[in-house]
Amino acid sequence: VSVSIPGQQEDSMAAGKGAGKPSLLQNERIRFIVCFLGVFVCYFYYGILQETITRGQYGEGEKKEKFVYATTLVFIQCIINAGFAKILIQFFEGSRPDHTKSWLYGVCSLSYLGAMVSSNSALQYVNYPTQVSLISQPIQLMILGVFVLRKKYPLAKYLCVLLIVSGVALFLYKPNKSVASTESAFGFGEILLLLSLTMDGLTGVAQDHMRSLFQTSANHMMLNINMWSTLVLGLGVLWTGEVWDFLSFTDRHPSIFWNILLFGITSALGQTFIFMTVVYFGPLTCSIVTTTRKFFTILGSVLLFGNVLNTMQWVGTILVFLGLGFDAKFGKTPKKTTH
């Protein structure tokens, strides 16, 4: 026999509601940690494989040659990414419909590919460390988010992004004293960098639009963007004939297949965590994650190999940790409540 004490039911319901909020917050933190670690681990190994494939020498003696088929490599990467996303949809989402407009996926894919091509091309013209310019992507996303999507961020978020970007810039910056002053003027390389940053920002805006208007899932976003990218790159490698040269190269050096397969798998896993971060936390948070991931990778290599940090790098490290701390404590974008 149960006895109901007046007010006990209301108290227990109130307690349950109060307990629900910390639980949801805790789940969100766990999800964020999983996404961050997933991006960090996958892209750390992805970078090693990329360097192994593109900078390795194949063959013996005078017949040694290098891998120069970057577009075909990205084409294969997109095929594996799309296949992996399709498998995830089949197993975890079933027949869940996707209402996102196809043209949005196409725009997102073109801006993503445009950013990648512009960034890679800029390396041929820029004579000082390009990383310092590339890490301003979070600022670019914020600017486009405010002016294009009319988004509002807390004041603390602006401070967090500024601290993190400034910290990484100070940590990575290495003045090139041998470059003449005439060579450091604003030129074609810098224009390509700005184009890359703008394209990255447009990709983030398109993803944010899909996320807020159509509630696009991470797997559908990954599948469709990679399918569009596969179509564009496929036409490109067929038009230039690069794919046939690539097949001839792999026929001469079949050992490269294993590295390419691993490269594609780590890319697919990494992209899964990237799109999860975009869908659950937004493109701005995703850009902060990828920026700090690069920072921690470099910091880890510096500490592991016993290199001494200079004063500027110590200041940059402190700024990054201050920015991450402020972001965790005060940088949350308030969610709209429904009545």
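The values are calculated or read from the model by the stated rules, or taken from the named source; none is laboratory data. What you are looking at is a predicted structure, and each value in this text was computed from that prediction instead of being measured. Note that we place each Cβ from the backbone using ideal geometry, even for glycine, and neighbour counts take in every protein chain shown. Just so you know, the surface numbers come from the protein's heavy atoms only, side chains and all, with ligands and any DNA or RNA stripped out. Shrake-Rupley method; radii C 1.70, N 1.55, O 1.52, S 1.80 Å.
Brief remarks on what is shown
- In the range 89-119, the residue that is nearest to Ser229 (Cα to Cα) out of those that are among the hydroxyl-bearing types (Ser, Thr, Tyr) and touching a residue at least 24 places away in the same chain (Cβ under 8 Å) is Ser109.
- Annotation note: of Gly270, Gly316, Gly306, the sole residue that is of a type in the set (Gly, Ala, Ser), assigned to a helix (DSSP H, G or I) and at pLDDT below 80 is Gly316.
- Any pair with Cβ under 6 angstrom, 6 or more apart, that starts in the range 146-157 at a residue that is basic (Lys, Arg) and in a helix (DSSP H, G or I) and ends at one that is surrounded by 13 or more Cβ atoms within 10 Å (Cβ to Cβ) and at pLDDT below 70: Lys157/Gly331
- Residue within the range 23-31 that is within 30 Å of Trp228 (Cβ to Cβ), surrounded by 10 or more Cβ atoms within 10 Å (Cβ to Cβ) and at pLDDT 80 or above present: yes
Results for (1) on the phi < 0 side of the Ramachandran plot; (2) at pLDDT 90 or above; (3) among the basic types (Lys, Arg), shown as yes or no for each residue.
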site: Leu49; (1), (2), (3): yes, no, no
site: Thr54; (1), (2), (3): yes, no, no
site: Glu60; (1), (2), (3): yes, no, no
site: Lys63; (1), (2), (3): yes, no, yes
site: Val68; (1), (2), (3): yes, no, no
site: Thr72; (1), (2), (3): yes, yes, no
site: Phe75; (1), (2), (3): yes, yes, no
site: Asn81; (1), (2), (3): yes, yes, no
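- Hey, Met221 within 30 Å of Lys151 (Cβ to Cβ), open to solvent by 10 Å² or more (accessible area, probe 1.4 Å), of a type in the set (A, V, I, L, M) and in a helix (DSSP H, G or I) or not: no
- Looking across the range 63-100, the residues that are crowded, with 18+ Cβ neighbours inside 10 Å and in a loop (DSSP other than H, G, I, E, B) come down to Phe67, Tyr69, Asp98, Thr100.
For (1) among the hydrophobic types (A, V, I, L, M, F, W, C); (2) under 25 Å from Ile79 (Cα atoms); (3) modelled with pLDDT of 95 or more, each residue gets a yes or a no:
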| residue | (1), (2), (3) |
| --- | --- |
| Phe188 | yes, no, no |
| Ile191 | yes, no, no |
| Thr198 | no, no, no |
| Gly201 | no, yes, no |
| Val205 | yes, yes, no |
| Asp208 | no, yes, no |
| Arg211 | no, yes, no |
| Gln215 | no, yes, no |
| Ala218 | yes, yes, no |
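- When the test is whether a residue is surrounded by fewer than 19 Cβ atoms within 10 Å (Cβ to Cβ) and in contact (Cβ under 8 Å) with a residue 12 or more places away in the chain, Asp245 passes it.
- Output for the range 43-71, where each listed residue is touching a residue at least 60 places away in the same chain (Cβ under 8 Å) and under 11 Å from His253 (Cα atoms): Tyr58, Gly59, Glu65, Phe67
- Breaking point among (1) part of a loop (DSSP other than H, G, I, E, B); (2) open to solvent by less than 10 Å² (accessible area, probe 1.4 Å), for Phe263: (1)
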